[in-house]
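The values are calculated or read from the model by the stated rules, or taken from the named source; none is laboratory data. Please read all numbers here as calculations on a predicted model, not as lab measurements. Don't worry about glycine lacking a Cβ; one is built from the backbone with ideal geometry, like all the others, and counts go over all protein chains shown.
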Amino acid sequence: MERYVLVDHTADMMVKAFGNTLEECFGNAAYALFDQTVDLSDIGTCEETDIRVSGIDDEDRLYSFLSEMLFIEDADNLILKEFDVRFEGEDVVCHARGETLNRAKHRIKSEVKAVTYHMMEIDRDAPSVTVLFDV
């Protein structure tokens, strides 16, 4: 099963992420975020980080989670590719693995500037999440 697909969109980048559970969809959306910025095939998993964000509903949690991922990429130069996501009440808890970006070694694809609420969709019945990234 594919983790995510790109959805045609005029100016920005839209992805629809799939999984067996909503938690897996959140992880695959994070994978899509990083996969669209850097070629993940060259990224190792020697560094680990733990993330906890909260939100008032599924959309708010997804927005907070992906925004935190973008912050980690920008602030720590950390590119993540493995995500173990679980929900604890209103919180999204994630243990993620990846490595520090090395511009001499890793191939940069594009820059995601922000996560948006625009056109965001979350389907709990047939687990998937659709999110638009501002590029």
* **Unmet requirement for Glu59, which otherwise passes all of (1) touching an Asp or Glu at 6+ places or on another chain (Cβ under 9 Å); (2) within 12 Å of Ala30 (Cβ to Cβ); (3) assigned to a helix (DSSP H, G or I)** => (2)
* **Sole exception among (1) modelled with pLDDT of 95 or more; (2) more than 16 Å from Gly27 (Cβ to Cβ); (3) of a type in the set (S, T, N, Q) for Ser64, by number** => (2)
* Structure fact -> Within the range 83-100, residues over 14 Å from the mean Cα position of the chain (by Cα) and crowded, with 18+ Cβ neighbours inside 10 Å come out as Glu99
* To do: Go through (1) modelled with pLDDT under 95; (2) touching a Gly at 6+ places or on another chain (Cβ under 6 Å); (3) of a type outside the set (Phe, Trp, Tyr) one by one and return the number of the condition Cys25 breaks.
  => (1)
* Asked: Is one or more of the residues making up the range 59-71 farther than 15 Å from Ala114 by Cβ and of a type outside the set (D, E, K, R)?
  -> no
* Asked: Can you name every residue in the range 116-130 that is outside any loop (DSSP other than H, G, I, E, B) and at pLDDT 95 or above?
  -> Met120, Glu121, Ile122, Asp123, Ser128, Val129, Thr130
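Within the range 4-14, take every residue that is over 10 Å from Ser128 (Cα atoms) and surrounded by 13 or more Cβ atoms within 10 Å (Cβ to Cβ) and give me the one that is modelled with the lowest pLDDT.
Quick first cut of the range 4-14, residues over 10 Å from Ser128 (Cα atoms) only: 5-14.
From what's left, surrounded by 13 or more Cβ atoms within 10 Å (Cβ to Cβ): 5, 7, 9, 12-14.
Values: Val5: 78, Val7: 76, His9: 61, Asp12: 83, Met13: 86, Met14: 89.
Within the range 4-14, the match that is modelled with the lowest pLDDT is His9.
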* Of the residues that make up the range 48-56, is at least one surrounded by fewer than 20 Cβ atoms within 10 Å (Cβ to Cβ), part of a helix (DSSP H, G or I) and out of contact with any helix residue (DSSP H, G or I) (no Cβ under 9 Å at 6 or more places or on another chain)? -> no
* Does the range 102-110 contain at least one residue that is in a strand (DSSP E or B) and either among the small types (Gly, Ala, Ser) or under 20 Å from Phe133 (Cα atoms) (or both)? -> yes
* One residue from Phe65, Phe83 being assigned to a strand (DSSP E or B), more than 17 Å from Leu6 (Cα to Cα) and among the aromatic types (Phe, Trp, Tyr) -> Phe83
* Asked: List the pairs whose first member sits in the range 95-119 and is under 21 Å from Glu47 (Cα atoms), whose second member is of a type in the set (Gly, Ala, Ser) and at pLDDT 90 or above, and whose Cβ atoms are under 8 Å apart, counting only residues at least 6 apart or on separate chains?
  -> Ala96/Ala30; Gly98/Gly44; Glu99/Gly44
* Qualifying residues in the range 57-82 (those that are aromatic (Phe, Trp, Tyr) and under 17 Å from Val15 (Cβ atoms)) - the one surrounded by the most Cβ atoms within 10 Å (Cβ to Cβ) -> Phe65
